[in-house]
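A quick write-up on the structure given underneath.
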Amino acid sequence: MHQSSLDGFAAPHPTDRLFFAVMPPAEVAERIALLAAETRGQLGLRGRPRPTGHLHVTLHHLGDFAGVPRQRVDDACTAAAGVALPSFEARFDRVGSFVGRAGKHPFVLLGSEGASALAGLHADLGARLAAAGLARPERVFVPHVTLLYDTLKIAPRPVEPMGWAVREFLLIHSLLGRTEYRVLGRWALRAGPS
């Protein structure tokens with residue numbers, strides 16, 4: 001049994017994050033990284049761009065932990081295995097900032113009007129996680145790829161559309177503070193529309 005505190009002592013500092021995501025193929029991630037670098041310069045942003053291999057769309061955040069909770073991982077994998085949706089095209093056509101902590105606003109690539117398929121995957125997976133007792137309070141789902149964090153807030157503006165065929169989603173273990181991602185599971189979406 002996992003205990004959050006011991007006789008009044010604070011819980012251990014989180015070292016591990018678990019989340020479900022879709023990731024672009026390498027060639028698209030390179031294009032997104034180039035867009036991040038170009039817009040950073042054009043808009044006078046100073047934040048460091050996210051590593052190319054970390055660019056993703058978060059579907060569901062499962063939590064931050066001190067160590068990897070195996071039972072939570074197993075339950076999440078079982079829930080994810082029930083998703084049976086077709087593959088789809090994810091499209092993005094704007095950049096802008098979200099409100100974040102003071103001095104650390106996410107500057108993101110935003111999904112286009114065609115992002116409804118991402119919302120569908122988010123909803124289906126979310127229902128399965130809720131049925132498994134893994135639901136967490138969430139904000140409204142806004143499909144996006146975080147490019148960097150900055151002190152400036154940028155209003156949404158159009159960029160050249162880009163996207164990729166989403167054929168799978170992943171369960172990712174992020175080692176907090178170490179800029180390292182480990183894939184714990186991947187689930188293929190069905191080929192072609194239903």
_Conditions (1) at pLDDT 95 or above; (2) in contact with a Lys or Arg (Cβ under 9 Å, 6 or more places away or on another chain); (3) not small (Gly, Ala, Ser): number failed by Thr58_ = (2)
*Which one is surrounded by the fewest Cβ atoms within 10 Å (Cβ to Cβ) among residues in region 36-76 that are charged (D, E, K, R) and free of Cβ contacts under 8 Å to residues at least 24 places away in the same chain?*
Arg70
*Residue in region 144-155 that is farthest from the chain's Cα centre (by Cα), counting only those that are assigned to a strand (DSSP E or B) and closer than 16 Å to Leu45 by Cα*: Asp150
*Out of (1) under 27 Å from Gly47 (Cβ atoms); (2) in contact with a Lys or Arg (Cβ under 8 Å, 6 or more places away or on another chain); (3) surrounded by 17 or more Cβ atoms within 10 Å (Cβ to Cβ); (4) touching a residue at least 40 places away in the same chain (Cβ under 8 Å), the odd one out for Pro158 is which?*
(3)
*Would a scan of region 125-143 turn up a residue that is outside any helix (DSSP H, G or I), surrounded by 15 or more Cβ atoms within 10 Å (Cβ to Cβ) and touching a strand residue (DSSP E or B) at 6+ places or on another chain (Cβ under 6 Å)?*
yes
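Can you find a residue in region 25-32 that is modelled with pLDDT of 95 or more, of a type outside the set (D, E, K, R) and part of a loop (DSSP other than H, G, I, E, B)? Spell out how you get there, then give the answer.
Within region 25-32, the subset modelled with pLDDT of 95 or more is 25-32.
Now drop any that are not of a type outside the set (D, E, K, R), which leaves 25-26, 28-29, 32.
From the residues that got through so far, the ones that are part of a loop (DSSP other than H, G, I, E, B) too are 25.
Yes, region 25-32 has at least one match.
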*asked:* So, in region 13-31, exactly how many residues are in contact with a helix residue (DSSP H, G or I) (Cβ under 8 Å, 6 or more places away or on another chain) and in contact (Cβ under 8 Å) with a residue 40 or more places away in the chain?
replied: 5
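What are the residues in region 162-194 that are in a loop (DSSP other than H, G, I, E, B), modelled with pLDDT under 95 and of a type outside the set (Gly, Ala, Ser), if any?
Leu176, Arg178, Thr179, Pro193
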*Might you let me know whether region 158-172 holds any residue that is within 29 Å of Asp75 (Cβ to Cβ) and over 17 Å from the mean Cα position of the chain (by Cα)?*
no
_Members of region 89-124 that are surrounded by fewer than 20 Cβ atoms within 10 Å (Cβ to Cβ), under 27 Å from Gly41 (Cα atoms), of a type outside the set (Gly, Ala, Ser) and in contact with a Leu (Cβ under 7 Å, 6 or more places away or on another chain)_ = Arg94
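The values are calculated or read from the model by the stated rules, or taken from the named source; none is laboratory data. Because the structure is a prediction, the values reported are computed rather than measured. So basically every Cβ, Gly included, is an ideal-geometry build from the backbone, and we count neighbours across all protein chains shown.
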